[in-house]
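In what follows, a single structure is set out as structure tokens and then discussed.
The values are calculated or read from the model by the stated rules, or taken from the named source; none is laboratory data. All values derive from a computational prediction rather than experimental measurement. In this analysis, Cβ positions are derived from the backbone assuming ideal geometry, glycine residues included, and neighbour counts consider all displayed protein chains. Just the protein is used for accessible areas: all its heavy atoms, side chains included, with ligands, DNA and RNA removed. Shrake-Rupley method; radii C 1.70, N 1.55, O 1.52, S 1.80 Å.
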Amino acid sequence: AKAEKEEAWFGMLGVYDEPEERRDVPERSGVSSQHEPQVQHQLGSPYGVPWQSPSPPTWHGPADQETSMVTQQHWHFQGLGSSELQAAGLPEAQPGEAAESSPSFLLGSEVGQPCSSSPPSEEVQSWLRAIPPIPDEVVVRQKRAPQGSWKVGTLRHGKRVYTVAISSSTHHVYTCGSGYIRVWDEGALHAGGKVPQAQLDFQDRQDCVVTCKLFPDEQSLITGGASQAVTLWDLAPTPQVRAQLTSTGPTCYSLAVSSDAHICLAGFQGFVEIWDLQNQILIRKHQVPVYASRCVDITGNMFWTGGEDTTLYSWDLRSYQRLHQYDLENEILSITHDPGEEWILAGLRTSDIAFLHTLRNEKFKVVMKKYTRHHSLKFASCGSYFVTAKDASISGLEAPSLQKLFQVEESSGILCCDVSSDNQYLVMGSKSSAIIYQLLY
């Protein structure tokens, strides 16, 4: 049964420009079977359809029409909180269970009642006054979403920026493409025309990096592309190559690193390499459908693959067995997950976004109805929002309300994007530079 494509019912979601738009929309928990004919859209087609080069679909109505909202389904996150590339012509081508809505336990009646004990003595008060204040940087703040963005600078990479990363500790930006990686310090983010802090030239200037991932501690970077190797970089005190992991395929299209930085997935055409980063050894060359490995991601003990064949696959990272597969009807251009690793988001060729719970049978879809060449997704580390970049437009959407927080239009296509883990900066790569936005709160 697992060899057959699942018929996945997706609840429909809408994107809202203003909070007022949601006031008269009823919310429901989960997918109501009573209203399924009205609110759900069945996705499913026979497995094994030959891959065809995608072409723009034909839509009725305005070309830039976004969503046709049927109803709003209520979806939950617990602990909220991609590399995209055209394959041909490198390097110079065109580019557990979540919490319910109420707490899982009820507080006793004693909570919040006045304390009947006597006030602390002067000696205790003196001791309390002697305690130094908690440093500002260690205070845990409430998760929040930005309310806008401000363009602060442009980093002149000189060639197409196929992939980009930004650290939060140093606010260094790494712009990657053909021939080299450029490293920019925080001063360059706010000063136009500043030279990079460093340029890391590849031994073969024809090599091209099309995907990169920062490690969770932001002390290391891993890159892949048209070089027949996955490269590990030490970033401090100065960036340098730690190791080159020789690959079995010519071009790595996407990378994913586990939350503990022990495992890395590298997606090639028709297979995924699974690497032990600690020992720098190849664990397995895992075969997948030939057009289902452009995008990869890891959540817990599962990994996910998707691509041109329109199917999103989940696999067991221990047994390597296929768990599920979902026909999303359109080419998958990017995959990302929320910080709690409970939700997988897939960005599609039609600008649609599919949301799938990693443990429960909950699936939703935002239907945008707009053909796009590029679609990058990035979930913010705080979990309260994510960004979606499509061609020359990038938007921030609040989670889980899907209220649009900000939208930016650029003059040239956006090939990739990243958000600093401190949620201060948004960086996007284009045909010759990286554009920096500061997020406003």
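Brief remarks follow.
- Surface composition of region 155-216: carbon plus sulfur atoms contribute 45% of the solvent-accessible area (1.4 Å probe, protein chains only, all chains present).
- Take each peptide in 396-409, 144-157, count the other Cβ atoms within 10 Å of every residue, and average; sorted highest first, the result is 396-409, 144-157.
- As a rough guide to protection, the peptides 314-326, 204-216, 238-250 ranked by mean Cβ packing within 10 Å, highest first, stand as 204-216, 314-326, 238-250.
- In nm, spacing of pseudo-spin labels at Q244 and R156 (7 Å Cα→C-beta vector): 3.0 nm
- Centroid-to-centroid separation of region 391-441 and region 303-329 [C-alpha atoms, Å]: 28 Å
- Flagged links, alpha-carbon separation over 28 Å, of K370/K404; K159/K285; K285/K390; K194/K370; K213/K369: K159/K285; K285/K390; K194/K370; K213/K369
- Accessible area of I353 in the full protein assembly, 1.4 Å probe (Å², nearest 10): 10 Å²
- When you count the other C-beta atoms within 10 angstrom of each residue and take the mean per peptide, 182-191, 282-291 line up highest first as 182-191, 282-291.
- Charging the Cβ of each Asp and Glu at -1 and of each Lys and Arg at +1, and nothing else, the dipole of region 154-440 about its Cα centre rounds to 620 debye.
- Shape of region 154-440, Cα gyration tensor, a/c cut at 1.5: oblate
- Efficiency of FRET between K194 and Q147 - r from beta-carbon atoms, R0 30 angstrom, step 0.05: 0.60
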